[in-house]
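Enquirer: Could you have a look at this structure, given as structure tokens, before my questions?
Derivation of every value follows stated rules applied to the coordinates shown; laboratory data play no part. Predicted, not measured: the structure shown is a model, and the values here were computed from it. Backbone-built Cβ (ideal geometry, glycine too); neighbour counts: all protein chains shown.
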Amino acid sequence: MDRNVGSLDRTARIAVGAVLVAVGALALAAVVPAGSVPGAIALVAGVVALSTGALRSCPVYRLLGVDSCGRR
């Protein structure tokens, strides 16, 4: 799998993904009064952000021809 997510991008994805997963899980558990649909959306978005950050590969970047790795 070809990497197209750079270090700063990866750090941001992992940080934002962790927050979204936590908020989504808390919303689904009814600890945070956000509702189940926004909670599920936040949870899924967080998992996607975490996985693309961990794998350093983003399918959307690949479709758009974006590469934040900085290698030429």
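Enquirer: Report the residue count in the range 29-64 for those that are in a helix (DSSP H, G or I) and either buried (at least 18 other Cβ atoms within 10 Å of the Cβ) or touching a Cys at 6+ places or on another chain (Cβ under 7 Å) (or both).
Expert: Going residue by residue through the range 29-64, those that are in a helix (DSSP H, G or I) are 36-55, 59-64.
Right, trim to either buried (at least 18 other Cβ atoms within 10 Å of the Cβ) or touching a Cys at 6+ places or on another chain (Cβ under 7 Å) (or both) and you get 39, 42-43, 46, 49-50, 52-53.
Adding up the residues that qualify gives 8.
Enquirer: To continue, here is another question. What pairs come up if the first residue lies in the range 3-18 and is in contact (Cβ under 8 Å) with a residue 40 or more places away in the chain and within 13 Å of residue 69 (Cβ to Cβ), the second is basic (Lys, Arg) and exposed (fewer than 15 other Cβ atoms within 10 Å of the Cβ), and their beta carbons are under 8 Å apart, counting only those six or more places apart or on different chains?
Expert: Between residues of the range 3-18 that are in contact (Cβ under 8 Å) with a residue 40 or more places away in the chain and within 13 Å of residue 69 (Cβ to Cβ) and residues that are basic (Lys, Arg) and exposed (fewer than 15 other Cβ atoms within 10 Å of the Cβ), the close pairs are 4/62.
Enquirer: Where the second residue is part of a loop (DSSP other than H, G, I, E, B) and not aliphatic (A, V, I, L, M) and the first is more than 17 Å from residue 50 (Cα to Cα) and free of Cβ contacts under 8 Å to residues at least 24 places away in the same chain and lies in the range 20-40, which pairs have Cβ atoms under 7 Å and are six or more apart or on separate chains?
Expert: From residues that are more than 17 Å from residue 50 (Cα to Cα) and free of Cβ contacts under 8 Å to residues at least 24 places away in the same chain, the pairs are 27/35.
Enquirer: Within the range 7-27, does at least one residue satisfy the condition of being assigned to a loop (DSSP other than H, G, I, E, B) and surrounded by fewer than 17 Cβ atoms within 10 Å (Cβ to Cβ)? Walk me through it before giving the result.
Expert: Step one: filter the range 7-27 for residues assigned to a loop (DSSP other than H, G, I, E, B), giving none.
No; the residues of the range 7-27 include none that is assigned to a loop (DSSP other than H, G, I, E, B) and surrounded by fewer than 17 Cβ atoms within 10 Å (Cβ to Cβ).
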